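Remarks on the structure that follows.
Every number here is computed from the coordinates shown, using simple stated rules; none is lab data. Since this is a predicted model, take the numbers as computed values, not measurements. So basically every Cβ, Gly included, is an ideal-geometry build from the backbone, and we count neighbours across all protein chains shown.
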Amino acid sequence: MSQATETAQSSSGGGTVEYIQHHLTNWCVGPDCDPVTHQANGFWAFHVDTIFFSLFLGILMLFVSARLVKRLTDGVPGGFQNFVESILEFVQGQIRDGFPHAPAIIAPMALTIFVWVWLMNFMDLIPVDLLPLIAGWFGIHYLKVVPTTDLNTTFAMSFTVFLMIIFYNLKVKGPVGYLKMFLFHPFGKFLVPVNIIMTAIEELAKPLSLGLRLFGNLFAGELVFLLIALLGGAAALGVGLLIWFPLQVVLDLGWLLFHILVITLQAFIFMVLTIVYLSMAHTADH
Amino acid sequence: MKKAKGPGLLLIGVGSLLTSMVVAGFLLGYGVDVLLDTQPIFLLSFGLLGFIGGILKAYKILSDPELH
């Protein structure tokens with residue numbers, strides 16, 4: 001840990017604030033990246049680490065499930081098949097309760113959201129200095145390993161959900177029905193301008209709350225991991241500060257165990273609210 | 001119990017729904033302001049509407065989850 005802190009300090013000037021800021025900076029590539037702060041300054045800035053890790057985990061998910069499909073058996077299932085079947089049944093149960101008579105695409109989408117978000121959240125449980133340290137050996141100085149601590153990821157997903165909500169609203173209610181919802185929804189026909197604004201705000205709030213909730217929880221969790229890592233990292237300043245090391249181990253283990261619950265809960269909430277929002281889009285009238 | 005489970009799960013999101021409705025109101029108002037060059041009239045009024053709408057919505061969900 002202390003070695004990793006030294007690496008971080010040598011590349012960013014030292015100090016706890018720099019250590020945290022260094023860890024919360026994305027690997028930004030593109031003409032609109034600020035060369036000093038490494039923050040995106042415009043549209044053409046790519047957070048390569050976010051893209052890489054989210055794609056990698058998505059491909060991993062596809063690869064593992066493709067392998068599993070080949071080995072599927074009707075007889076006594078193995079341990080892993082049992083495990084995946086229990087996840088499937090769990091998601092199916094959620095859809096049965098929240099969205100009866102759902103279109104065929106909803107179940108695979110909900111499962112993908114649940115597993116993918118969980119995997120991306122899981123990156124939070126890998127020691128905070130490990131992957132940035134390895135990346136440092138290859139000349140990559142900034143690396144943020146948890147894709148869901150990047151607002152771009154969470155908003156990309158919630159924006160997709162938003163588009164699906166609009167699509168199903170238009171499909172089920174028809175353009176006129178959807179317009180009627182905007183015109184007459186909270187306050188009846190005498191306050192049409194207020195109704196339009198209110199409904200627009202309400203619809204916009206759905207993806208916003210989805211994206212911000214996931215981002216906020218994971219960002220805060222990552223920050224707590226960084227603060228705990230700083231306890232042992234203080235030993236870089238003097239060996240006497242190693243006295244904090246047992247405390248770091250205890251705190252880290254505690255937060256790690258608790259965080260397993262948090263990441264699962266956040267993935268679950270994202271999935272369930274997507275299902276509920278889409279089922280609300282399918283309800284014909286209010 | 002089983003019947004109310006789907007909409008009932010909306011209760012998880014009440015807290016963030018309230019805040020994000022305020023944020024959505026401000027965002028929408030800001031967008032309109034930029035379009036019409038009328039800062040900060042719509043920003044404030046839409047923000048207020050978002051706040052009122054958020055409280056109404058939260059109240060509605062909390063008092064009867066079936067209604068949403």
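Here is how the numbers come out for the structure above:
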{"read-out": "Most to least packed among A:159-170, A:262-273 [average Cβ atoms within 10 Å]", "value": "A:262-273, A:159-170"}
{"read-out": "Approximate shape of the protein assembly as shown as ellipsoid semi-axes (Cα gyration tensor, √5λ), whole Å, largest first", "value": "39, 28, 19"}
{"read-out": "Kyte-Doolittle mean at least 0.5 and Cα axial length at least 20 Å: DSSP H helices in chain A", "value": "A:48-70, A:106-122, A:151-184, A:192-233, A:245-282"}
{"read-out": "For region B:8-23 and region A:248-279, distance of Cα centres in Å", "value": "17"}
{"read-out": "Assigned charges on the beta-carbon of Lys, Arg, Asp, Glu; the protein assembly as shown dipole about Cα centre (debye)", "value": "1180"}
{"read-out": "Cβ neighbours within 10 Å from other chains - mean over A:205-215", "value": "5"}
{"read-out": "Sequence of A:T148, A:T153, A:T274 once ranked by neighbouring C-beta atoms within 10 Å, starting from the fewest", "value": "A:T153, A:T274, A:T148"}
{"read-out": "Rg in Å to one decimal, and Dmax rounded to a whole Å, for region A:178-235 via C-alpha atoms", "value": "21.1, 68"}
{"read-out": "Listed peptides A:253-261, A:202-210, B:28-36, A:50-58 by packing density, highest first (mean Cβ within 10 Å)", "value": "A:202-210, A:50-58, B:28-36, A:253-261"}
{"read-out": "For A:V76, A:V48, order by how many other beta-carbon atoms lie within 10 Å, fewest first", "value": "A:V76, A:V48"}
{"read-out": "Long-range amide H partners of A:C33 with built H, under 5 Å", "value": "A:N41"}
{"read-out": "Additional length obtainable on full extension of the chain from A:T264 to A:F52, 0.36 nm per residue less Cα span", "value": "74.1 nm"}
{"read-out": "Per-residue mean of C-beta atoms belonging to partner chains within 10 Å, peptide A:273-282", "value": "3"}
{"read-out": "Residue-averaged beta-carbon neighbours from other chains (10 angstrom radius) around A:192-201", "value": "5"}
{"read-out": "Length-normalised contact order for region A:5-281 - Cα pairs under 8 Å, 6+ apart - percent", "value": "23"}
